[in-house]
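*Asks:* Below you'll find the structure I mean.
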Amino acid sequence: MIKTFQLRTETHSEMVEITAQIQKWLRDENITDGIVVISSMHTTAGITVNENADPDVKTDFLRRLAEVYPWDHHKDLHMEGNTAAHMKTSTVGHAQTLIVSEGRLVLGTWQGVYFCEFDGPRTRKYTVKVIQNG
């Protein structure tokens, strides 16, 4: 089973929590056990799992990536001018694999799934693929 979701990002760089949307879909489809792969459909946006309790984690995460990959590095050659976004996506990764047990994503107490925008704002897509047990 596979589902493609769409979202609209609001800023140049942001982390949008998508945990609840994925969880709702799993519940609606009666998926109880297996694994899910959550994949960004873009080369300048990724997927990560990180803390969802303190909003400063997202701020710090994006700031530190910007420090490592500055937007306007004078040696970047990519004609679109978004080399930093490509580098950030490769660092974060385009996908995450998670366990589903008893109808719920298996996440730690403070964990959430995030769509990471690095070249927005844009309309984006991510896909969730379920591999069910049995």
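*Asks:* If each of ASP76 and VAL106 carries a label point 7 Å out from its Cα toward its Cβ, how far apart are those two points in nm?
*Replies:* Taking the simple label geometry, ASP76 and VAL106 are separated by 3.9 nm.
*Asks:* Given Cβ point charges of +1 (Lys, Arg) and -1 (Asp, Glu) and nothing else, what value in debye, to the nearest 20, does the dipole of region 45-85 about its Cα centre take?
*Replies:* Numbers: 4 positive and 8 negative charges, 20 e Å.
Roughly 100 debye, rounded to the nearest 20.
*Asks:* Now a separate question. For the chain, please report how many Lys pairs fall under 29 Å Cα to Cα, leaving out neighbours fewer than 8 apart on the same chain.
*Replies:* Eligible lysine pairs with Cα atoms under 29 Å apart amount to 16.
*Asks:* Something else now. I'd like the orientation of helix 83-92 relative to the chain: the angle between its Cα long axis and the longest Cα principal axis, in ° from 0 to 90, rounded to 10.
*Replies:* Once rounded, one gets 30 degrees.
*Asks:* What list do you get for LYS24, LYS58, LYS129, LYS75 if you sort them by fewest beta carbons within 10 Å?
*Replies:* LYS75, LYS24, LYS129, LYS58
*Asks:* Assuming R0 = 30 Å, what is the FRET efficiency of ASP33 and VAL57, from their Cβ-Cβ distance, to the nearest 0.05?
*Replies:* E(calc), rounded to 0.05, equals 0.50.
*Asks:* Shape of region 2-132 from its Cα gyration tensor (a ≥ b ≥ c, root eigenvalues): rounded if a/c is under 1.5, otherwise prolate when a/b > b/c, or oblate?
*Replies:* Prolate, because a/c is 1.5 or more and a/b exceeds b/c.
*Asks:* How would you rank THR48, THR97, going from fewest to most other Cβ atoms within 10 Å of each one's own Cβ? All intermediate terms of the calculation are to be shown ahead of the outcome.
*Replies:* Details: THR48 18, THR97 13.
The order, fewest Cβ neighbours first, is THR97, THR48.
*Asks:* Next question, about the same structure. Which whole-number percentage describes the relative contact order of region 2-132, with Cα contacts under 8 Å and a sequence gap of 6 or more?
*Replies:* Relative contact order here is 55 percent.
*Asks:* Could you list GLU17, GLU51 so that the one with the fewest beta carbons within 10 Å of its beta carbon is first and the one with the most is last?
*Replies:* GLU17, GLU51
Bear in mind that the values in this text are calculations on the coordinates, not laboratory data. As the structure is a prediction and not an experimental result, all values here were calculated from the model. FYI the Cβ positions are ideal-geometry reconstructions off the backbone, even for glycines, and counts take in every protein chain you see.
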